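A short write-up of the structure that comes next.
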Amino acid sequence: MKVTIVGMWSSFPKNNEPSSGYLVQKDEATVLIDAGSGVAAHVQDYISIHDLHHLILTHYHHDHAGDLEAFMQARRLARRFKHRKRHLNLYGPGTGDPVRLMRRARHSKFHPIKPDSKFQIGPLKFEFHRNAHPVETYAVKVTDDTGAVFVYTSDSSYNAGLVRFAFGADLLFTDCSYYEGFDARSDGHMNAAEAGRLAEKSDAALTVLTNLPHRGALEALLDSAVQQGGKDIRLAEAGMVFNI
């Protein structure tokens, strides 16, 4: 399984770097998880926008779903001009303003996500965990046909359920929106110490801190997380590729 960081900034994109978007690939299966601001442009550094047939949205905040309509419009035009025959599969929570748009869209098909949702795309199995966040939000677990596991928390405060969901992951991408000492829980996020605790408690082989803030020295996030005792913790960067 190959995982590429298209973008990873919290709240809004940085110059030439998008907010959240993660490309997961195995054999002929290609799935984009989250489509934050700027992702539609930058995902095309790795794949044609017309070759993407599966888009999972963990929730509908702008930094995770702001480019949804760009992907829908690309598929509508591709179908109209006969560049592609397949519709675009959209997966996301069943509540939120974009749901009506996705349900009514031509050339796209909406699949609602629930806490017990499981589905297969080629060799990739997808499972979901309801997060502690102000809107309906899901963490995603992807398991390939060799048993390799990738977990993406999306936005969530730290909790034992998330630890269980991520336990034993080969690759964990965790929310790290705040520096140590800040009250991230009230906003439904994790600070750096909590992200490091998740890495340690879940026994993840490799943890990547993502959904990063624009302010401050990012190395301080890493220092705080590493002090919690996780095996291997790194800061996310746009364009990073992981093979597990």
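Over all pairs of different C-alpha atoms, the range 165-244 has a mean inverse distance whose reciprocal, the Kirkwood radius, equals 12.3 Å. Close Lys pairs in the chain, defined as Cα atoms under 24 Å apart and 8 or more places apart or on different chains, number 23. The largest accessible area among Glu194, Glu17, Glu180 belongs to the first residue in Glu180, Glu17, Glu194, and the rest follow in falling order (1.4 Å probe, all chains). Principal axis extents of the C-alpha atoms in the range 115-212 (largest first, rounded to whole Å): 41, 28, 21. Counting only DSSP beta bridges with both residues in the chain, the antiparallel share comes to about 55 percent. Residues whose amide H comes within less than 5 Å of that of His111, counting only those at least five positions distant or on another chain, are Leu90, Tyr91, Gly92 (H built at 1.01 Å from N in the peptide plane). Based on Cα atoms of the chain, Rg over Rh with Rh as the Kirkwood radius reads 0.95. When the scattering of the range 2-96 is computed by the Debye formula from its Cα atoms alone, each counted once and equally, what is log10 I(q)/I(0) at q = 0.20 Å⁻¹? Calculated log10 I(q)/I(0) at the listed q: -0.93.
Could you state the number of Å between the C-alpha centres of the range 146-210 and the range 52-71? Each part reduced to its Cα centre gives a spacing of 21 Å. Treating each Cα of the range 35-81 as one equal point scatterer and applying the Debye formula with no solvent, the log10 of I(q)/I(0) at q = 0.19, 0.27, 0.29, 0.33 Å⁻¹ comes out as -0.57, -1.05, -1.14, -1.28. The long axis of helix 68-80 is offset from the longest Cα principal axis of the chain by roughly 20 degrees. As a fraction of the 1.4 Å probe accessible area of the chain, surface on carbon and sulfur atoms comes out at 47 percent. Helix 192-202 axis versus longest C-alpha principal axis of the chain: approximately 80°, rounded to the nearest ten.
Over the range 97-205, Cα pairs under 8 Å with separation of 6+ residues give a relative contact order of 19 percent. Per residue, the chain exposes 43 Å² of accessible surface when a 1.4 Å probe is rolled over the protein heavy atoms with every protein chain present.
If you build a Gaussian network model of the chain, linking Cα atoms that sit under 10 Å apart, which residue out of Ala199, Ala132, Ala217 swings the most? The residue that fluctuates most here is Ala217. Taking one quarter of the surface of the convex hull spanned by the alpha-carbon atoms of the range 79-134 gives a direction-averaged projected area of 5.1 nm². In the chain, helical runs assigned H by DSSP with n ≥ 4 each contribute -39500 (n - 2.57); averaged across all residues and rounded to the nearest 500, the mean residue ellipticity at 222 nm is -6000 deg cm²/dmol. Given a 10 angstrom Cα cut-off, can you work out which residue in Asp67, Asp144, Asp27 is the most mobile in a GNM of the chain? Per the Cα network of the chain with a 10 Å cutoff, Asp27 tops the list.
Divide the volume of the convex hull around the Cα atoms of the range 181-220 by the residue count and you get 85 Å³ per residue.
Here the chain is treated with +1 on each Lys and Arg Cβ and -1 on each Asp and Glu Cβ, and its dipole about the Cα centre works out to around 1500 debye.
Computed from phi, the 3J(HN,Hα) profile of the range 144-159 under the Karplus parametrisation 6.51, -1.76, 1.60 (θ = phi - 60°) reads 8, 6, 9, x, 5, 10, 10, 10, 10, 6, 6, 8, 6, 7, 5, 7 Hz, with x in place of Gly and Pro.
Taking the Cα centre of the range 127-241 as origin and assigning +1 to Lys and Arg Cβ atoms and -1 to Asp and Glu Cβ atoms, the resulting dipole is close to 200 debye.
Considering all different alpha carbon pairs of the range 95-170, the Kirkwood hydrodynamic radius works out to 13.8 Å.
Note on the chain: GNM, Cα springs under 10 Å; of Lys82, Lys231, Lys201, the largest mean-square fluctuation is that of Lys82.
The values are calculated or read from the model by the stated rules, or taken from the named source; none is laboratory data. It should be emphasised that the depicted structure is a prediction, and the values quoted were computed from it without experimental measurement. Cβ coordinates were reconstructed from backbone atoms using ideal geometry, including for glycine residues, and neighbour counts include every protein chain displayed. The accessibility values were calculated without ligands, DNA or RNA, using every heavy atom of the protein model including side chains. Shrake-Rupley method; radii C 1.70, N 1.55, O 1.52, S 1.80 Å.
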